[in-house]
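Q: Take a look at the following structure, please.
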Amino acid sequence: MAASMASQAVVRALRETTSKHRLFDKFKCARLSSRRWLNLQEYQSKKLMQESGVTVQRFYVADTASQALEAAKRLEAKEIVLKAQILAGGRGKGLFDSGLKGGVHLTKDPSVVGELANKMLGFSLTTKQTPKEGVKVKTVMVAEAMDISRETYFAILMDRACNGPVMVGSPQGGVDIEEVAATTPELIFKEPIDIWEGVRDDQALRMAGNLGFKGPLESQAADQIKRLYDLFLKVDATQVEVNPLGETPEGQVVCFDAKINFDDNAEFRQKAVFAMDDMSESDPTETEAAKWDLKYIGLDGNIACFVNGAGLAMATCDIIDLHGGKPANFLDLGGGVKENQVYQAFKLLTADPKVEAILVNIFGGIVNCAIIANGITKACRELELKVPLVVRLEGTNVQEAKRILSESGLPITSASDLDDAAKKAVASIRK
Ligand code: GDP
Ligand code: MN
């Protein structure tokens, strides 16, 4: 019973940390904290691992096919592994829109690496963890392949339930760990770490044993685990995930894959790490919104939601849904809002061709409704708003705000409450 509850917590923790593209992650990363979490590509994570003495394969990075071919030759390896670099897992089983199957390819013939890279670079790779349309591959890793006799799973993550870091491991690695946790929870092992004490020798050895490493491999794996924990602390990670942590027939423990997430609050002391972030896989609208200190999430419908606060955003989406509409996005203004931010927010919302109506739903607690109203009227005039606009304002200085809106002479529909606002927004599209 206790074991199954623990593993449910692990599954939950993993769900929250593994796939970047799920909506819930987006809510969590972009909504509730002020910035998204930094993610690095596998090759960048492996560079950090190398610096901490963690065993990874020799590799080069290429962004053209000829570079990839060159790198493959330079490695002088028995076998080469070519890996598409995207910020999502499941690449091994992914599919490119070039027709190529698999984002991870092994070959004994270095001369084919160029052709393979040609079918990866510039093409989109779709995996279980990417959006349907996939993610465009701009970089590949060319590494020395090693034989793998066994694949295990190992991760260290910050876990709320443990009030600190926890090691999670399974002898059943390489595959979808959520699947393992769901079907064979007894094969998931958890080891909370005391942040003051660090990983004790007995803990590292127990985890190595639980992962199924035997004889000299057990102490080697324990050593890798401790090094991974040192790295976790050193770079202010929220997660270090190695899947697979494998063993070779020659008796080496190797990190074959790497995914590190970082604590954005540590940016000030992790300048070198954060400088590696190229933002190339971020949604351009989210990036633009972040510039103005706004939080934007794109959705599939046609009603733009302009709100303040994550809770109100979700409630607004739900009520629109309830009245038969679909949110196109939501944009969270946050607290200490300025008129110019309101203007920028409107600009972002109206630039989306999917948007057929805008619903403003602001509860002025810290926010002054009059500032919102001024921002709205200015934006409406300058951007020559073409879609219906429904506004529901409540709270601080709302009377003044209502006066500004009604005296503006602009075609703005006011709503008395959230329900009314959602109904009017949905109706404005049906007309
Ligand atoms: P992911 O699918 O995105 O998680 O990418 P991985 O880096 O985990 O690679 C997927 C799978 O490819 C691994 O689980 C391994 O089975 C296999 N693989 C990756 N690198 C090597 C290698 O050097 N040698 C061998 N034999 N298999 C590898
Ligand atoms: Mn993997």
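Q: Charges at C-beta only: +1 for Lys and Arg, -1 for Asp and Glu. How large is the resulting dipole of the chain about its Cα centre, in Debye rounded to 20?
A: 920 debye
Q: Over region 108-256, consider all pairs of different Cα atoms and compute the Kirkwood hydrodynamic radius from their mean reciprocal separation; express it in Å, one decimal.
A: For region 108-256, the Kirkwood estimate is 17.1 Å.
Q: Amide H to amide H under 5 Å from Arg58: which residues, 5+ apart in sequence or cross-chain, H placed 1.01 Å off N in plane?
A: Glu144
Q: Starting from the exponent 0.38 and prefactor 2.2 Å, build the expected Rg for region 184-264 from its residue count and divide its actual Cα Rg by it.
A: Scaled against compact globular proteins, the figure is 1.10.
Q: Shifting gears a bit: What list of ³J(HN,Hα) values in whole Hz, one per residue of region 373-384 in order, does the Karplus curve 6.51 cos²θ - 1.76 cosθ + 1.60 (θ = phi - 60°) give from phi, with Gly and Pro shown as x?
A: These are the phi-based 3J(HN,Hα) values: 4, 5, x, 5, 5, 4, 5, 4, 6, 6, 9, 6 Hz.
Q: Could you work out how far helix 310-322 tilts from the main Cα principal axis of the chain, as a 0 to 90 degree angle to the nearest 10?
A: 70 degrees
Q: Would you work out what percent of the accessible area of the chain, with all protein chains in place, is carbon or sulfur (probe 1.4 Å)?
A: 53 percent
Q: If you take the Cα atoms of region 44-200, find Rg, then find the Kirkwood Rh from the mean of 1/r over all pairs, what is Rg/Rh?
A: 1.02
Q: Another question about this same structure. Cα convex hull of region 277-420: mean projected area in nm², to one decimal?
A: Spelled out: convex hull of the Cα atoms, projected over all directions, averaged, 8.3 nm².
Q: For region 136-181, compute the orientation-averaged projected area of the C-alpha convex hull (one quarter of its surface), in nm².
A: Spelled out: convex hull of the Cα atoms, projected over all directions, averaged, 5.6 nm².
Q: So, one more: Solvent-accessible area per residue for region 232-344 at a 1.4 Å probe radius, Å²?
A: In whole numbers, region 232-344 has 40 Å² accessible per residue.
Q: While we're looking at this one, here's another question. Between the helical axis of 2-18 and the dominant principal axis of the chain, each derived from Cα atoms, what acute angle in degrees is found, rounded to the nearest 10?
A: Rounded to the nearest ten degrees, it is 70.
Q: May I pose another question? Determine the dipole magnitude for region 239-382: charges of +1 sit on the beta-carbon of Lys and Arg, -1 on that of Asp and Glu, nothing else is charged, the reference point is the Cα centre, and the result goes in debye to the nearest 20.
A: Approximately 840 debye in magnitude.
Q: Can you give me the three principal axis dimensions of the chain from its C-alpha atoms, in Å, biggest first?
A: On the principal axes, the chain reaches 80, 50, 39 Å in Cα extent.
Q: Just want the answer: with Cβ charges of +1 for Lys and Arg and -1 for Asp and Glu, which residue in Leu359, Thr396, Ala370 is farthest toward the dipole's positive end in region 359-431?
A: Final value for the positive-end residue is Leu359.
Q: Quick one: longest stretch of the chain between exposed loop GluC sites (Glu not before Pro), exposed meaning at most 13 other C-beta atoms within 10 Å and loop per DSSP?
A: Longest gap between qualifying sites, sites excluded: 251-383.
Q: With a cap of 15 neighbouring Cβ atoms within 10 Å, and only residues DSSP puts in a loop, list the trypsin sites (Lys or Arg not before Pro) found in region 86-128.
A: Lys108, Lys128
Q: Taking the dipole about the Cα centre of the chain, with the C-beta of Lys and Arg at +1 and of Asp and Glu at -1, give me whichever of Val56, Gln344, Ser45 is farthest to the positive side.
A: Positive-most Cα among the choices belongs to Gln344.
Q: Taking θ as phi - 60°, what are the ³J(HN,Hα) couplings along region 193-209 by the Karplus curve (6.51, -1.76, 1.60), each to the nearest whole Hz, with x for Gly and Pro?
A: 10, 6, 4, 7, 8, x, 6, 6, 4, 5, 5, 4, 5, 5, 5, 4, x
Q: Let's see if you can work this out: charge +1 on each Lys and Arg Cβ, -1 on each Asp and Glu Cβ, no other charges. What is the dipole magnitude of region 80-192 about its Cα centre, in debye to the nearest 20?
A: Computed charge dipole of region 80-192: roughly 380 debye.
Q: Using the Karplus equation 6.51 cos²θ - 1.76 cosθ + 1.60 (θ = phi - 60°), what ³J(HN,Hα) coupling, rounded to whole Hz, does each residue of region 122-128 give in order, writing x for Gly and Pro?
A: Result, rounded to whole Hz: x, 9, 8, 10, 9, 10, 4.
The values are calculated or read from the model by the stated rules, or taken from the named source; none is laboratory data. All figures in this text were calculated on a predicted structure; none of them were measured in a lab. Methodologically, a virtual Cβ is constructed for each residue, glycine included, from the backbone with ideal geometry; neighbour enumeration extends over all protein chains shown. Heads up: the accessible areas ignore ligands, DNA and RNA and are worked out on the full protein's heavy atoms, side chains in. Shrake-Rupley method; radii C 1.70, N 1.55, O 1.52, S 1.80 Å.
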